[in-house]
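The values are calculated or read from the model by the stated rules, or taken from the named source; none is laboratory data. All figures in this text were calculated on a predicted structure; none of them were measured in a lab. Methodologically, a virtual Cβ is constructed for each residue, glycine included, from the backbone with ideal geometry; neighbour enumeration extends over all protein chains shown.
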There are 2 protein chains.
Amino acid sequence: MSQLLFVNASQVVTCAGPARARRGIEMTDAGVRFGVAIAVEGDRIAAVAHPSELESTFAGAEVIDCGGRVVTPGLVDSHTHAIFGRARYEEQEMRASGVGYLEIARRGGGIHASVADLRSRSEGELFDLALPRILRLASYGSTTIEIKSGYGLSVEDELKSLRVIARLQRAAPLRLVPTWLGAHEIPLEFRESEARRSEYVSLLVHDLLPIVARERLASFADVFCEPGVFTIDETRAILDASRSAGLGLKLHADELEPHGGAELAVELGAVSADHLGAVSRTGIVALAGGATVATLLPGTMLFLGRRAQAPAREMIEAGAAVALATDFNPGTSPTFNFPLILTLGVSQLRMNVAEAIVAATVNGAAALGLAAGVGRIESGCSADLALWDAEDIREIPYWYGDRRCIGTWMGGRACHAC
Amino acid sequence: MSQLLFVNASQVVTCAGPARARRGIEMTDAGVRFGVAIAVEGDRIAAVAHPSELESTFAGAEVIDCGGRVVTPGLVDSHTHAIFGRARYEEQEMRASGVGYLEIARRGGGIHASVADLRSRSEGELFDLALPRILRLASYGSTTIEIKSGYGLSVEDELKSLRVIARLQRAAPLRLVPTWLGAHEIPLEFRESEARRSEYVSLLVHDLLPIVARERLASFADVFCEPGVFTIDETRAILDASRSAGLGLKLHADELEPHGGAELAVELGAVSADHLGAVSRTGIVALAGGATVATLLPGTMLFLGRRAQAPAREMIEAGAAVALATDFNPGTSPTFNFPLILTLGVSQLRMNVAEAIVAATVNGAAALGLAAGVGRIESGCSADLALWDAEDIREIPYWYGDRRCIGTWMGGRACHAC
C-alpha cells in the first residue's frame, strides 16, 4: 500500500478533540498539535505522532515537506448548488439599488431564470460548466463538497442534474456528496393554483423520488422550507417519503423568517438545518438537544447586503453543533472562497478561529453524515488534508479574501486544483 | 518605440466618460466599449478604436489576444499601510469575542505592537517582507498602489519606512505612491502629558518633515484625524507645514466619530479624505462642493465586524467623487483582494458596478493627484491595464472572493505577479 509522510508542519490542526456523540467535537478545541508528522497508508491516516516514532514503520514512505506551514483536514463544504448554467451577475447591482426579488424575477432574473437556463442545456454541457467550478472550489481547500440539484424542477431536469453530479464524482479527485433538492422552489408551470402546487409535491414524491432512490443518484433529500416556498406540511411529506426511500435528510430552514424549520429538522432527524438566519429560540433549543447540525452560510447574507446574520454564538453557547459552508450558487452566493466564509464566521458570526475551523471540517462532515471518518486528522480517518501558506491556524481567516491553500489530498491522492 | 495591440476583448472598460473637473468622470458611466482594440506605444495608450483602424499603424505591434475577456484600467489602490513587520492575526478572534481595543493593546496588540515590531527591524528586513506583499496586492489587479509609512513614529523609523517604499519603487514593476503618515498615532513615549504630545507634533513638523521633503521620500502627507488620535488643530498644523514643504495632503477623517475631518480636508485642498464611516451631512456637502475625493474602505468595517458603513450613496448623490481602496494593513484590513472590496462597494455600500469600477480606477487616481494620466484607457494615458477572467464587467464584483485577474501591464510593461 502506498505510504505518505507529511513532515515539518508548523501546526497540525487535527479537529480531533474530545468526541461528542454524533456531533463531532467540542467546538472550542481544534486539536492543534505541534511537532508531529502525519503518516498516510493507502487512503487512510495511519498515525499522527512525533516523526521519530514514525520513521521506522514508514521508512519507505514518500515524504512531503510542509515547509513550516499549517496542515488542516481538507475542508468540508456541506452546502452548494454547483449545478447551474449561466452566472446571474446582472442581479447584484439591481439588488443593491433596491430592486426587489419580484421585480428582478420580472426582468428575467431570480431562481426561475436559472431553472429555464438549466433546462435548456444538455447533461454534457452542464458537466463542462460544473467541472471547472468544482475544481475552483477545491482550489480554496475543500476535499469534500456537497452538491445539490434544484434548478431542474422537473423529472427529466432533476435527473439530468443528479447525473451530472455522478459524472463529476468519477471525474474529480474529490469526495462529492449528491443531494436531491427537487423541492427548491415551485416551478412556474405549477403555480397557477393550490391544486397545481399539490401536483408538484406529488410529482416529487411519486414520480421523481423513486427514480432518484432506485438509481442511487442522491445521498440526501433537501427541501427549501420557508414561507412562500414549501410549507412545514409539504416539507414533512417530502422528507418522510425521502427517508422511507432510504435517503438522508437536510433542510433549508428559517432563512428569512422563523417558521419552525429548525424544529422540524430535529424532529425528522435531519443531518442538518441550513441558513437559520431567522431561527427562533425554540429552534435553537431544539438544535442544541438534537443531532442535527446547524449549517450557517454567512457569505450569502453578505452578498445579499443584509445586515443580520444567524445567531451563531447563541447556538454554540446553547450546545448546538455549527457548520459553515459556502452556499455556492449563481444567485445569492457566487463564491469559490471557503476560507473567506471562515473570515465571516469570525468577524460577522463572532466565532473564534477554532470554532470556525471545526465548523468547516468535522462539523461539515457531520452535516453530511460523514463525521466518523472525514474531517479529522486522526488514525483511521480518510487522508483528506489541506496545506496552507500560513504558519498559524489563525492566518486562515485573517488574510481575508486571499487564497492561501497550496495543496490538498483526498483519500491520500493529491488534488492538483491548488 | 515598442508597440502592443490588445485585441479580442469582450469589453474594454475605459473609465473615460465625460470629463468632470478634477474628479475624474461621472461615476455612473464606466465607459464600456465593445469591439475595440487598444494600441499601446511605449508606456502610453496610443489609441482605442476598431481593430481595422489600428491595423496599418500598428502592423508591427506585439498582439495580445484577450480571449473574449474584459480589460479594465489597472486598479488604483489609493490607501494601504503596506510597510509593516509581523501579521497581527491573534487580534481578530479577540475582537470577535468582545475584547476591546484597550485590552487588546494591554495584551500586546494594536498599532503600538506594529510600531515596536517595525522599530526592531532593519530596512532590508522590511523590504523583504513588503515586496511579496506588494506583488500579492498587484496579483489581484492593481498597477498603482499608495503606501503609507506610519508604524515608525520616530524620525529614524519613519525615514526607514519611507526608504523601504523607495526601494520597492525600484524593485516592483508598479506605480507606488509614497505617503508620509508620521501622524498615524501618538507614540507611547510621547503620551505621558499634553506637553509631550505637543513635542511629538513638533518633532513631526520640525525634525521629520524637512528631511522627508528634502529627500523627496513622499508625495503626500497624511494625518489620522480622529478624537483620541490627532485633533483638528494638530492636523491643521501638520498639514499646513506639509503643504508648505511641497507635499500633497491626505487625511484619515471621520472614521468612527464625526469630527470635522472631511470639512478640514476640503478646506485644506487635500486630494482625499479617507474612511468617512461617520462623516456628517456638513462633511458630505463639503466633499460634494470641493475637489477632495472621498475614499471609502468597506473591507475594514467588514473585518472589524462593524455593521455600519460609510454613507456612499448619500455622498455620490450629493455629487462627491468616491474612491474605494483596500486599506491593506496588519490590524484592521489584512486583505490583498481589491476586487473583494468592489464586491463590498456593491453589496454593502449600494454602489452600482460602474461606480465601483470608477471608484477603483480613475477616482483612485484622483485621490493620488494622478487622474490626468492614470486610471483610464484613453489615448495619452499611461498604459496601465488589467485583464480579467470575465466576459462582463459585472463578473468582477460578482465572483466574490475569487482572484480573476489574469494579467496586468503598467506603463506598457507586463507585471508577472498574476
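Key figures for this structure:
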{"read-out": "Criterion violated by A:Arg191 - all others in (1) within 25 Å of A:Ala366 (Cα to Cα); (2) at pLDDT below 95 satisfied", "value": "(1)"}
{"read-out": "Residue in the range A:311-322 that is crowded, with 19+ Cβ neighbours inside 10 Å, out of contact with any strand residue (DSSP E or B) (no Cβ under 7 Å at 6 or more places or on another chain) and at pLDDT 95 or above present", "value": "yes"}
{"read-out": "Residue within the range A:283-303 that is facing another protein chain (nearest Cβ under 8 Å), closer than 28 Å to B:Tyr89 by Cβ and surrounded by fewer than 23 Cβ atoms within 10 Å (Cβ to Cβ) present", "value": "no"}
{"read-out": "Evaluation of A:Pro227 against (1) touching a His at 6+ places or on another chain (Cβ under 7 Å); (2) under 23 Å from A:Ser161 (Cα atoms); (3) surrounded by fewer than 22 Cβ atoms within 10 Å (Cβ to Cβ) (one fails), failing number", "value": "(2)"}
{"read-out": "Leading residue by the ranking (farthest from B:Val362 (Cα to Cα)) among those in the range B:304-342 that are small (Gly, Ala, Ser) and within 11 Å of chain A (Cβ to nearest Cβ)", "value": "B:Gly305"}
{"read-out": "Matching residues, the range A:251-282, being surrounded by 24 or more Cβ atoms within 10 Å (Cβ to Cβ), under 22 Å from A:Leu370 (Cβ atoms) and among the small types (Gly, Ala, Ser)", "value": "A:Ala253, A:Ala262, A:Ala265, A:Ala270, A:Ser272, A:Ala273"}
{"read-out": "Test: residue in the range A:159-182 that is aromatic (Phe, Trp, Tyr), farther than 30 Å from A:Ile393 by Cβ, surrounded by 19 or more Cβ atoms within 10 Å (Cβ to Cβ) and in contact with a Ser or Thr (Cβ under 9 Å, 6 or more places away or on another chain)", "value": "yes"}
{"read-out": "Subset of the range B:230-250 (residues that are farther than 30 Å from B:Leu304 by Cα, hydroxyl-bearing (Ser, Thr, Tyr) and surrounded by fewer than 18 Cβ atoms within 10 Å (Cβ to Cβ))", "value": "B:Ser244"}
{"read-out": "Lone qualifier among B:Ile406, B:Ile377, B:Ile396 - being touching a residue at least 24 places away in the same chain (Cβ under 8 Å), aliphatic (A, V, I, L, M), buried (at least 22 other Cβ atoms within 10 Å of the Cβ) and within 14 Å of chain A (Cβ to nearest Cβ)", "value": "B:Ile396"}
{"read-out": "Total residues in the range B:353-374, condition touching a residue at least 60 places away in the same chain (Cβ under 8 Å), out of contact with any Ser or Thr (no Cβ under 6 Å at 6 or more places or on another chain) and surrounded by fewer than 24 Cβ atoms within 10 Å (Cβ to Cβ)", "value": "2"}
